[in-house]
Each structure stands twice: as C-alpha cells, then as structure tokens.
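Notes for the one structure printed next.
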Amino acid sequence: MRSNEMRFVVNWGDTDKAGIVYYPNFFKWFDIAGHQFFKSCQLAPVKLEEERGIIVPLLDAQCTFEKALFYDDLITIQTKVAEVNRKTLKLRHEVFRDGNRVAHGYEVRGWVQKMPEGIKAVPIPEDVKDILQENIHTKLKENFTSYNA
C-alpha cells in the first residue's frame, strides 16, 4: 500500500504550560499528513473537489500516545494506507522522534460526492483504488518548520 513521510519541527505554540506537546496537535498533524499524503499521489483534496466533485471528510480518528514530545523536537510522520473499502479509506499514522515511535493512530475518511441536493458517500473508483494500493513510498523534500508554510 502507498505511504508518505513528512518531517517538521515542533513549534512553541504546539506545547502546553509544561512544555509538552498539547494532545490535540497530534490530530492536527494527522490531518496535515493526510492532506500531504493525498497530494503526494496526485489526489489533492482541492483537485478531487474541482475535477470529480469529491470531498474526503473525516469520519473517525484515534491516537495512542507513547512518549512526550517537546518544543523544537524534529519529528517524522509516516502515513500509510491501511484499508481501502467500498466508500471509505483508512490512513495509519506513526509519529517518530530520533527513529523512535512516540505516537500512532489513524484517520478514516469517506469518499463523498457533492451533489445539488447535498452530499452522499459513493464508491471509490477503481483508478483511485489502484493508486492507493500501489507500493510506493514518498518523502517530502523539505522539512516544515511551520504548518502554514
């Protein structure tokens, strides 16, 4: 299955008063990593919406925290396709610091079409399933020091 990797430095604003990364930031990072994953396989959410009328809303997310992260830690998030179902897909995320896993979790996203009468989950097309199931690993060429970069 397809995978992607991104690296960035933990910002001061990601930490709490104790200097430890505040837990909701892991979900923010999973969302960023998921969008970068889609971009890495030419399925950028903006492109999907413009060309196919498809959006990929979040349906479920989970994170298990194993070790604390701190300001200025360089982290790597590896994102892999875990499942491709009829109308949903599951992305698994693993967060590493210095090669050691510090957290892991997943996102389940729907394959949803925008229609005049609203939105509706529709089957994931075979060409998209083929892309998601390819055995390709990509790494972003630059490290992010800010999520707004």
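The values are calculated or read from the model by the stated rules, or taken from the named source; none is laboratory data. All values reported here derive from a predicted model rather than from experimental measurement. Cβ placement follows ideal geometry from the backbone for every residue including glycine, while neighbour counts extend to all protein chains displayed.
In table form, for the structure just shown:
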| item | result |
| --- | --- |
| Qualifying residue in the stretch 14-23 (condition: closer than 17 Å to A82 by Cα and either of a type in the set (A, V, I, L, M, F, W, C) or outside any strand (DSSP E or B) (or both)) | no |
| Residues of the stretch 114-149 satisfying the condition of being surrounded by fewer than 10 Cβ atoms within 10 Å (Cβ to Cβ), of a type in the set (G, A, S) and at pLDDT 90 or above | G118 |
| Some residue of the stretch 29-43 being of a type in the set (V, I, T) and either in a loop (DSSP other than H, G, I, E, B) or more than 20 Å from V9 (Cβ to Cβ) (or both) | no |
| Candidates R86, R101, R109, filtered to the one that is surrounded by 15 or more Cβ atoms within 10 Å (Cβ to Cβ) and modelled with pLDDT of 95 or more | R109 |
| Residues (in contact (Cβ under 8 Å) with a residue 40 or more places away in the chain, under 12 Å from C63 (Cβ atoms) and exposed (fewer than 15 other Cβ atoms within 10 Å of the Cβ)) located in the stretch 17-30 | Y23, K28 |
| Total residues in the stretch 1-19, condition within 15 Å of V95 (Cα to Cα) and β-branched (V, I, T) | 2 |
| Residue check, F26 touching a Pro at 6+ places or on another chain (Cβ under 8 Å) and either assigned to a helix (DSSP H, G or I) or closer than 24 Å to P125 by Cβ (or both) | no |
| Residue match in the stretch 9-29 (condition: on the phi < 0 side of the Ramachandran plot and in contact with a His (Cβ under 6 Å, 6 or more places away or on another chain)) | no |
| Residue, nearest to L140 (Cα to Cα), within the stretch 11-31, restricted to residues that are at pLDDT 95 or above and among the aliphatic types (A, V, I, L, M) | V21 |
